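> Sharing a structure with you now.
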Amino acid sequence: MAKIDINVKILRYQPAKDEKPHWQDFAISVEDESTVLDVLNEIHWQHDGTLAYRRSCRSSICGSCAMKVNGRNVLACETPIHRFGTKLKIEPLSGFEILKDLVVDLEPFFAKLKRIRPYLILDKPLPDKEFVQSPQQLEQIGESTLCILCAACSAACPSSWPNSDYLGPAALLKAYRFVFDSRDDGADQRLEIVNDKNGVWRCHTIFNCMEACPKKIKITEYLSRLKVKVVENSL
Amino acid sequence: MKIDEARRYHKIDAVIVGAGLAGLRAALEVAKSGLSAAVITKVYPTRSHSGGAQGGIAAALANVGEDSLEAHMFDTIKGSDYLADQDIIERFVNEALKTVYEFEHMGVPFSRTEDGRINQRPFGGHSAPRACFAQDITGHVLLHTLYEQCLQHNVLFFNEFQVLSLLVKDDVSRGLVAWDIREGGLHIFHARAVLLATGGYGRAWKVTSNAHANTGDGVALVLEAGLPLEDMEFVQFHPTGLYKHGILLSEAARGEGAYIINDKGERFMKIYAAAKMELAPRDIVSRSEQTEINEGRGIHGQDYVYLDLRHLGREKILSRLPQIHDLALNYLKVDAITDPVPIQPTAHYSMGGIPANVRTEVIRDAAGSVVKGLYTAGETSCLSLHGANRLGCNSLQDAATFGRIAGIHMTEFCKKNAFADLPAKPLDAAQAKIDRLWGGGKERHAPIRETLQVNMTKTMGVFRNQDDMLKMLAVIKELQERYQKVGVDDKGQAFNLDLIEALELENLLSFSEVIVEGALARKESRGAHFRSDFPKRNDGEWLRHTLAWRRNGKIVMDFSKAVVIYPQYQPQERKY
């Protein structure tokens, strides 16, 4: 481990005093093995206490620290700075209102999740023990349950930016996860919700969401399967 | 009342602090009964650290080999080094199967056996494959599923609110005061019943698996309200923390067959726990690791050993342990398929916490007198289910089962009891905390926190002794004094991270003193608490819980709360 000097450009916005966001430069010295989150902590703890950002688990599972670094959406906690050399440019996720510095308003993002009824809908009686689900049936939804709701996908989606009503990749992936769950009986309800100009059809298969996903979920593929299901279901 | 005041006053039947497994499960239970339930959380619910739990949730389903409730009970008692209360464990194992089936009916994507049932894997200290799992993201899928259930049942969420004071007067809980992190400002939550489910307190250590949010806010609030904490000296160090980062690499790795090896390439657990090897309980594996390191057999003589997955093969690693593979690759650039992963013990789980009875009611003395309307569940509570050492997979089960039990009792309580009056000037205590930090002393929170964490890791780790702990106590006293002069740079209302971190530091400094005092008082070695100067368990004197209060600035202790022991489970020597 060795110290290196880096230049960090951060898009700042303090609602009480700034009319609009502006860039601020920090020249700091950090361990070469640092992550982007380590860099933000260093700035916040040693240089400028007013910097605001979200973080919690440090281990790529809570989804708090999605942000844009050198043009790519990443989780700050799992992203080593050596990936970017000595110049970092850090800004909040696109497509969301900035509350302060790197903190964006995620209320609309979570509200969309609720729209697709993200829970098992059952019209069969509960078994005494577990429902039987084969490993092959589980395989259909396994990868989609990895989603940590970090919003990196939505922030990368050009279809999401101009359409605040568009459900977006994360909520649609959640719809996929329940529609393709062998235990669920609510497919008709959910397919009706996503069969809309602000549902699956607003997805133009651009693949940005997939590239942005820190969990490498094949979102576009699952959304395509959801589209097929919508069509099959309306025939 | 002015409009702004009305916006900041909330009257809700049940207010739940914390949106991890315990808090969400309780909220769901209350909301399903038709009462109003609100969850107050300083992070978005799906960010809670229950999501960090990887390996599984324990229940004797016997889907993979034989198992029984009695076996689960005995394993938990033995794992606790006989400090756990056995009436609590009995309730726990009796409810555990229901909890798992209920999760499955909610839609949790458990990994499956070939015949389509919930799959189970071995875990440390359990005598049968008892960990029901979803790959190595079990906590994550349980947390998300519960959150979704709460959305369905219209639980109210106050996301990004930091609780600053409990409104407890005359041994009756009346509500609490919280700071709105997003917009700034204090809010009063007037409640019939309050649940504290704020998780663990691992952030007092430098090397920890805990999230930034795990600052023990609940335990500190209880201490501040004049109520006791129990068994705070018992903190679990997880043997497989990612070297230098402390991030958790799940015990699931060892459950699937991974080895731990020293610099000579030896599976050294054969010396310390020949029968169970790497699947001995965590306190024993961590202590063995630290012994190897202290005696110079760490890798290259340094302060780490290896977790070796290589013999499991690529397919098993990627299908059963994908998160572990990713973490090692991302943080240490080590590919677990081809290379061993550097690990060290990391502060992981708080066995101690807020004392409560089997109904999850918070108690205020050794006799078990309750604080009316105040409840606690999950890691922040001390029932005591885990005693001196928790078994892996029992924590998710604890949080979910006692979260549900809390919800049931809170619902009953709310139906029978009116809203208790708020105390006079309810905002004052919370406002004073904010005003002092905004008043602008010259000290800063970051260096004080760093000093605390570095010293806690140095002195309050796997091995402890009186000299080190007395020094630690002096450090804490000095830091508490410096804290009186802390000011924050950020004077803004909206998303003031500077303010939140300073408030959290006050909590860390407060309960850390109790941990050290408890560890100094307990002159024996039991479970996760090992004193080099008192290396033996002493059942004659110490088969009892420690209760600690802060009175007039000093920690006062009571050792009269005896452990609940059934005749058929008398303490024995603990060998694996």
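> Express the C-alpha Rg of segment B:278-362 as a ratio against the empirical globular expectation 2.2 N^0.38 Å, rounded to two decimals.
Values: Rg = 17.0 Å, N = 85, 2.2 N^0.38 = 11.9 Å.
That works out to 1.43 for segment B:278-362.
> Hey, another quick one. So if I place +1 on the C-beta of Lys and Arg and -1 on the C-beta of Asp and Glu, and nothing else carries charge, what would the dipole magnitude of chain B be about its Cα centre? I want it in debye, nearest 20. Don't jump to the answer; show the numbers that get you there.
Details: 68 positive and 72 negative charges, 87 e Å.
Rounded to the nearest 20 debye, it is 420 debye.
> Hey, rough spin-label estimate for A:VAL231 and B:ASP303, points 7 angstrom out along Cα→Cβ, what's it come to in nanometres?
Label-label distance for A:VAL231 and B:ASP303, simple model: 6.0 nm.
> Work out how much length B:GLU295 to B:GLU573 would gain on full extension: take 0.36 nm times their residue separation and subtract the Cα-Cα distance, in nm to one decimal.
Details: separation 278, 0.36 × 278 = 100.08 nm, distance 2.58 nm.
Stretched fully, the B:GLU295-B:GLU573 segment lengthens by 97.5 nm.
> Would you please give the FRET efficiency between A:MET1 and A:PHE207, computed as 1/(1 + (r/R0)^6) with r the Cβ-Cβ distance and R0 = 41 Å, to the nearest 0.05?
Values: r = 37 Å, r/R0 = 0.90.
The formula returns an efficiency of 0.65 here.
> Turning to a different aspect of this structure: Which of A:ASP196, A:ASP181 comes first, and how do the rest follow, when ranked by fewest Cβ neighbours within 10 Å? Show your work: numbers first, answer last.
Values: A:ASP196 14, A:ASP181 23.
With the sparsest Cβ surroundings first, the list reads A:ASP196, A:ASP181.
> What whole number of Å gives the distance from the Cα centroid of segment B:481-532 to the Cα centroid of segment B:27-80?
For segment B:27-80 versus segment B:481-532, the Cα centre distance is 27 Å.
> From the helices alone, meaning DSSP H stretches of at least four residues, give me the mean residue ellipticity at 222 nm for chain A, per-run term -39500 (n - 2.57), in deg cm²/dmol to the nearest 500. Present the calculation step by step, with values, prior to reporting the outcome.
Working: 8 runs with 70 residues, N = 235.
After summing the helix terms and dividing by residue count, I get -8500 deg cm²/dmol.
> Using 0.36 nm per residue, how much length does the chain from B:LYS477 to B:ASP365 gain when fully extended, once their Cα-Cα distance is taken away? Could you put the intermediate results ahead of the total?
On the way: separation 112, 0.36 × 112 = 40.32 nm, distance 2.59 nm.
Result for the pair: 37.7 nm of gain on full extension.
> Sticking with this structure for a sec: With a 10 Å Cβ neighbour count serving as the proxy for reagent exposure, in which order, fewest first, do B:MET277, B:MET469 appear?
Details: B:MET277 17, B:MET469 20.
Going from least to most buried by this count: B:MET277, B:MET469.
> Where the centroid of each part is defined by its Cα atoms, how far is segment B:119-143 from segment B:297-369 in Å?
13 Å
> Where both partners of a DSSP beta bridge lie in chain B, what percent of those bridges are antiparallel, to the nearest 5?
On the way: 46 of 71 bridges.
Here the antiparallel bridges make up roughly 65 percent for chain B.
> For segment A:3-104, what does the convex hull of the Cα positions come to per residue, in cubic angstrom? Show your work: numbers first, answer last.
On the way: hull volume 9.6 nm³, N = 102.
Each residue corresponds to 94 Å³ of Cα convex hull volume.
> While we're looking at this one, here's another question. Pick out which of A:LYS129, A:LYS20, A:LYS114 has the largest mean-square fluctuation in a Gaussian network model of chain A, springs linking Cα atoms closer than 10 Å.
In this elastic network of chain A, the residue with the biggest mean-square fluctuation among A:LYS129, A:LYS20, A:LYS114 is A:LYS129.
> Using only Cα positions of segment B:393-479, each an equal point scatterer, no hydration layer, compute I(q)/I(0) via Debye at q = 0.21, 0.22, 0.23 Å⁻¹ and quote the log10 values to two decimals.
Cα-only, vacuum Debye calculation for segment B:393-479: -0.94, -0.97, -1.02.
> Would you work out the charge dipole size for segment A:3-104 about its Cα centre, treating the Cβ of every Lys and Arg as +1 and the Cβ of every Asp and Glu as -1, and quote it to the nearest 20 debye?
Details: 14 positive and 14 negative charges, 57 e Å.
So the dipole magnitude of segment A:3-104 works out to roughly 280 debye.
> So what does the Cα-only Debye profile of the protein assembly as shown read at q = 0.09, 0.11 Å⁻¹, as log10 I(q)/I(0), no solvent term?
-0.83, -1.32
> Report, for segment A:3-104, the % of DSSP beta bridges that are antiparallel, rounded to 5.
Details: 19 of 23 bridges.
Rounded to the nearest five, the antiparallel share is 85 percent.
> Under a point-charge model restricted to the Cβ atoms of Lys and Arg (+1) and Asp and Glu (-1), what is the dipole moment magnitude of chain A relative to its Cα centre, in debye to the nearest 20? Working shown, then result.
Working: 32 positive and 31 negative charges, 64 e Å.
Result for chain A is approximately 300 debye, rounded to the nearest 20.
> To the nearest 500 deg cm²/dmol, what mean residue ellipticity at 222 nm is calculated for chain B from DSSP H runs of n ≥ 4 alone, each contributing -39,500 (n - 2.57), summed and divided by the residues?
Details: 17 runs with 208 residues, N = 576.
Per the formula, -11500 deg cm²/dmol.
> Which order do peptides B:130-139, B:92-101, B:402-411 fall in by mean Cβ count within 10 Å, highest first?
Values: B:130-139: 27.9, B:92-101: 20.9, B:402-411: 25.8.
Most protected by this proxy first, the peptides run B:130-139, B:402-411, B:92-101.
> Ok, one more. Work out the count of Lys pairs in segment A:3-104 where the Cα-Cα distance is under 22 Å, with the pair 8 or more places apart or on different chains.
Summing the qualifying lysine pairs gives 16.
> Roughly how crowded by other chains is peptide B:100-111, in terms of the mean Cβ count from those chains within 10 Å of each of its Cβ atoms?
On the way: counts 2, 6, 1, 1, 8, 8, 4, 13, 3, 10, 4, 3.
The shielding value for this peptide is 5.
> Something else about it: Within 10 Å of each Cβ in peptide B:11-20, how many partner chain Cβ atoms are there on average? Round it to a whole number, please.
Details: counts 0, 0, 0, 0, 0, 0, 0, 0, 0, 0.
Partner Cβ neighbours, averaged per residue: 0.
> Can you check how the C-alpha radius of gyration of segment A:31-154 compares to 2.2 N^0.38 Å, as a plain ratio?
Working: Rg = 18.9 Å, N = 124, 2.2 N^0.38 = 13.7 Å.
Ratio of Rg to 2.2 N^0.38 Å for segment A:31-154: 1.38.
> Another one. DSSP beta bridges in the protein assembly as shown, what fraction antiparallel, as a percent rounded to 5?
Values: 65 of 94 bridges.
Bridges in the protein assembly as shown that DSSP calls antiparallel: roughly 70 percent.
> Positive end of the charge dipole of the protein assembly as shown (Lys, Arg +1 and Asp, Glu -1 on Cβ, about the Cα centre): tell me which of B:GLY461, A:ILE116, B:MET351 has its Cα farthest that way.
Of the listed residues, the answer is A:ILE116.
> Also, quick follow-up: Any idea which of B:ALA399, B:ALA197, B:GLY79 is furthest toward the positive side of the dipole for chain B, if Lys and Arg beta-carbons carry +1 and Asp and Glu beta-carbons -1?
The residue sitting most towards the positive pole is B:ALA197.
> Where does each of B:10-17, B:475-482, B:358-365 land if you order them by average Cβ count within 10 Å, highest first?
On the way: B:10-17: 24.8, B:475-482: 16.8, B:358-365: 21.1.
Ranking the peptides B:10-17, B:475-482, B:358-365 by packing returns B:10-17, B:358-365, B:475-482.
> Quick one: Cα convex hull volume of chain B, Å³ per residue? Provide the component values of the computation, followed by the final result.
On the way: hull volume 82.3 nm³, N = 576.
Value for chain B: 143 Å³ per residue.
> Leaving out same-chain residues fewer than 8 places away, which lysines sit with a Cα under 25 Å from that of B:LYS477?
Within reach: B:LYS206, B:LYS433, B:LYS442, B:LYS458, B:LYS485, B:LYS523, B:LYS554.
> What would the Debye equation give as log₁₀ I(q)/I(0) for segment B:245-298 at q = 0.22 Å⁻¹, counting only Cα atoms as equal point scatterers?
-0.86
> Tell me the volume per residue, in Å³, of the convex hull enclosing the alpha carbons of chain A. Mind dumping the intermediate values first?
Values: hull volume 35.3 nm³, N = 235.
Looking at chain A, the number lands at 150 Å³ per residue.
> Now, a different point. Can you tell me which of B:177-187, A:135-145 comes out highest on packing, and rank the rest after it, using the mean Cβ neighbours within 10 Å? Mind showing how you got there, number by number?
Values: B:177-187: 19.1, A:135-145: 16.9.
Going from most to least packed, we get B:177-187, A:135-145.
> Take peptide A:110-118, look around each residue's Cβ out to 10 angstrom, count Cβ atoms belonging to other protein chains, and average those counts. Please report the intermediate quantities before stating the final value.
Values: counts 7, 1, 0, 5, 3, 0, 0, 3, 8.
Averaged over the peptide's residues, the number is 3.
Every read-out reported here was derived from the displayed coordinates using simple, explicitly stated rules and does not represent laboratory data. Everything quoted here is computed from the prediction, not taken from an experiment. Quick reminder, even Gly has a Cβ in these numbers, built from the backbone with ideal geometry, and neighbours come from all protein chains shown.
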